[in-house]
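The values are calculated or read from the model by the stated rules, or taken from the named source; none is laboratory data. No experiment lies behind these values; they were computed from the predicted model shown. Glycine also receives a Cβ, built like all others from the backbone with ideal geometry; neighbour counts cover every protein chain displayed. All accessible areas refer to the heavy atoms of the entire protein, side chains included, with ligands and DNA or RNA removed. Shrake-Rupley method; radii C 1.70, N 1.55, O 1.52, S 1.80 Å.
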Amino acid sequence: MVFDPNSPDFKRDPYPTYVDLRRDAPIFRDAQTGFWFVSRHADVSALLRDRRLGRSIEHVLSREALGLPPKNPRYASFTKLSENSMFDKEPPDHTRLRGLVHKAFTPRRIESLRDQIQTITNALLDAAVPRGEIDVLEDFAVPLPVTVIAELLGVPEVDRHRLRPWSHDIVAMYELNHTPEQADRAIQAAEEFSDYLRHLVRERKHNPQDDLISALATVEEAGEMLTEDELISTCVLLLNAGHEATVNVFGNGLLALFQNPDQLRLLLEHRTELIKPAVEELLRYDTPLQLFRRWVLEDLEFGGFHFKQGEEIALLFGSANRDPEAFSDPERLDITRAENPHVTFSLGIHFCLGAPLARMELQIALGTLLQRLPTMRLDYQPEFRDSYVIRGLKDLVIRF
Ligand code: HEM
């Protein structure tokens, strides 16, 4: 089976290859990377819920036992961020951290953002409409979630322009093959971002405000053990996770609507009733985070294969979301789809903590864009960025 996730053709459109993988090699070990690749919906879902796999392994096996070199001290700032983040923890640490964050990141706090999201959306469109054209990514889909998550956490307005570049440099490390230059930028961003947040966190501890950073700091004050490093890692995680994928769902999704004019027309005609299933379908159809990895924590048999402790499994979310065993007519964009068990927000203990916020942002942003710019059109072929795991467009300029 020829599978090259670095080939430009694959990155441009991975979906035809996924059809072949699901049919001919739904589970296989890639000799070059040593990863197991898993492409069917049922297998991806089962493995996401399987506690014999984990996002980290060093609580079970040392790097030496894994045959890995000692950690490079050059990466210290980056390593420290991941080591203190729930994203890269397994129980019991994951349970404790996620529980504490959940306590501050309440459904009420999220719901209270609804009016604010609408106000920010309107302001961004007010600025764009007189121009007659807009890059939906840079002028709308990026500033909206960045502003929302910054408001929620309580990052001062004057500093917000720094968040996106820091975050962008850090998440580049999640690609399968990052370059040394990308690693350098990620290390520097991790250092600067952590220093910045350390000051902010200390300031909020002394002078609490009505924001999430203060709430997280108070959870720690109440004796529930969020260390300062954990607090910083949590803020970085929320700031990064809080906008990277949302931006790309918006871009990929809007492009899919332009490429399926019948669906765009249907949504324009029945916006209020269809916005919720439409957003779910856009989350499924062109998945913004194509792959997530898991470590094998103990030897196990799965689907006729033997996974050994210390091996890594790459779960192909983009493929699972197009599996005909889980979705009828999966290659078709259908904004009225009633059953939509997509795995875009993952499953199991790491299920996206921000899913309700992401859904609310996408519904308000897309609904308002369609309402305000019903004549919008796209008259060129936008290109995807040269990345695979994080799938998103370079730009998406629309005219109206
Ligand atoms: C459409 C937008 C989004 C998508 C597609 C998305 C997707 C994901 C996925 C797939 C995971 C789990 C990864 C795994 O299982 O290994 C995850 C975890 C997470 N997401 Fe999101 N996310 C989105 C938006 C957000 C937002 C808006 C926030 C916060 C404000 C957020 C916060 C988090 C956090 C904190 C985790 C870690 C949960 C844990 O490890 O227990 N996400 N997200």
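What to note about this one:
- The share of accessible area on the range 91-174 that comes from carbon and sulfur is 57 percent, using a 1.4 angstrom probe.
- Annotation: peptides 328-336, 371-379, ranked by per-residue average of other Cβ atoms within 10 Å with the highest first, follow the order 328-336, 371-379.
- Rounded D (µm²/s) - the range 27-173, Kirkwood Rh over Cα pairs, Stokes-Einstein at 10 °C, 1.306 mPa s: 81
- If you wrap the tightest convex hull around every Cα atom of the chain and split its volume per residue, you get 142 Å³.
- For the chain, DSSP calls about 85 percent of its internal beta bridges antiparallel.
- The reciprocal of the average 1/r between distinct C-alpha atoms defines the Kirkwood hydrodynamic radius, which for the range 145-232 equals 14.1 Å.
- Rounded to whole numbers, the Karplus 3J(HN,Hα) couplings from phi for the range 7-23 are 6, x, 5, 5, 4, 5, 8, x, 5, x, 5, 4, 4, 5, 4, 4, 7 Hz, using 6.51 cos²θ - 1.76 cosθ + 1.60 with θ = phi - 60°, and x at Gly and Pro.
- Debye log10 I(q)/I(0) at q = 0.13, 0.14, 0.26 Å⁻¹ for the range 281-329, Cα point scatterers: -0.42, -0.48, -0.93
- Packing-based ranking, highest mean first, of 106-118, 338-350, 139-151 given that Cβ atoms within 10 Å are counted: 139-151, 338-350, 106-118
- Put simply, the amide H of residue 53, placed in the peptide plane, has neighbours under 5 Å in 297, leaving out anything fewer than 5 places away on its chain.
- Selection from 102, 67, 91, by position along the positive dipole direction of the range 64-109 (Cβ): 102
- Heavy atoms of the protein chains alone define the surface here; on that basis the chain has 45 Å² accessible area per residue at 1.4 Å probe size.
- Phi to ³J(HN,Hα) by Karplus 6.51 cos²θ - 1.76 cosθ + 1.60 over the range 368-385, Hz, x for Gly, Pro: 6, 4, 5, 5, 7, 10, x, 9, 4, 9, 10, 10, 7, 9, x, 10, 7, 5
- For the residue pairs 89/394; 11/89; 89/308; 103/205, alpha carbon separations beyond 24 Å are given by 89/394; 11/89.
- When shorter helices are ignored and each DSSP H run of at least 4 residues is given -39500 (n - 2.57), the per-residue value for the chain at 222 nm works out to -15000 deg cm²/dmol.
- 4 °C / 1.567 mPa s Stokes-Einstein diffusion coefficient of the range 40-94, Kirkwood radius on C-alpha pairs, µm²/s: 99
- Amide H partners (placed H, <5 Å) of residue 113, local residues excluded: none
- Size of charge dipole - the chain - debye, nearest 20, with Cβ of Lys, Arg +1 and Asp, Glu -1, no other charges: 400
- Dipole moment magnitude, nearest 20 debye, the range 261-315 about Cα centre, only Lys, Arg, Asp, Glu C-beta charged: 200
- As a ratio to 2.2 N^0.38 Å, the alpha-carbon radius of gyration for the range 252-400 is 1.20.
- One way to sum up the overall shape of the range 84-131 is the equivalent ellipsoid from its Cα gyration tensor, whose semi-axes run 36, 14, 5 Å, largest first.
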